[in-house]
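All of the numbers you see were taken from the coordinates with simple rules; none came from a lab. Keep in mind that what you see is a predicted model, and the values were worked out from it rather than measured. Virtual Cβ from ideal backbone geometry, glycine too; neighbours counted across all protein chains shown.
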Amino acid sequence: MTEPKRRRRFIKPVLLGLLALAAAIQLVPYGRDHTNPPVTAEPQWDSPRTRELAKGACFDCHSNETIWPWYSHVAPMSWLVQYDVEEGRRKLNFSEWDKPQKEAHEAAETVREGEMPLWFYVPTHPDANLSEADRQALIKGLEATIGSSRHKD
């Protein structure tokens, strides 16, 4: 048997196996709880512009106003999106300001250090692709609205 024929005999079952696996993982229930609980309280934003910037760059993971894109319904991406939203809301939720916020005081610093928005979030969310001026405005607005974790020496 020639090499190309042997390769084709190998590739077809592998592709069929991958296709079967892709179909099977759609049955895993995690990643389908696309809920947006009610907004109970928001911070007193220092300006409408700060809220607008935060909404574009932060709200999908850090609020109850998540916009669930089409790929959030397809495993394994649905698993990642669901986990990121659950974690984001647990650490900082702009929609439940009447509850303790675990990491609110670090919000401006994470934007300043380039940790947020996450690098893999930005390509599919154009509003999160902040210019340097918008990034600085968001940092300043978050500090004015929430405070800062920066130590003043």
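Overview of values
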{"quantity": "Only Lys, Arg (+1) and Asp, Glu (-1) charged, at Cβ; the chain dipole about Cα centre in debye", "calculated": "1200 debye"}
{"quantity": "Normalised contact order of the chain, rounded percent, pairs of Cα under 8 Å and 6 or more residues apart", "calculated": "27 percent"}
{"quantity": "Equivalent ellipsoid semi-axes, the range 31-145, via Cα gyration tensor eigenvalues times 5, rooted, Å", "calculated": "22, 17, 12"}
{"quantity": "Computed magnitude of the charge dipole of the range 33-103 (debye, nearest 20; Cβ of K, R +1, Cβ of D, E -1)", "calculated": "80 debye"}
{"quantity": "Candidate lysines - alpha carbon under 22 Å from LYS140, same-chain residues fewer than 8 apart omitted", "calculated": "LYS55, LYS91, LYS102, LYS152"}
{"quantity": "Separation in nanometres of the label points that stand 7 Å from Cα toward Cβ, at GLN26 and VAL39", "calculated": "3.4 nm"}
{"quantity": "Furthest towards positive pole of dipole, ALA107, ILE11, GLY141, structure part the chain, Cβ charges", "calculated": "ILE11"}
{"quantity": "The chain: calculated mean residue ellipticity at 222 nm from DSSP helix runs of at least 4, using -39500 (n - 2.57)", "calculated": "-14500 deg cm²/dmol"}
{"quantity": "Two-site FRET efficiency, THR124 against THR2, from Cβ-Cβ distance with R₀ of 41 Å, rounded to 0.05", "calculated": "0.40"}
{"quantity": "Burial order of peptide ranges 132-138, 59-65 (average beta-carbon count within 10 Å, highest first)", "calculated": "59-65, 132-138"}
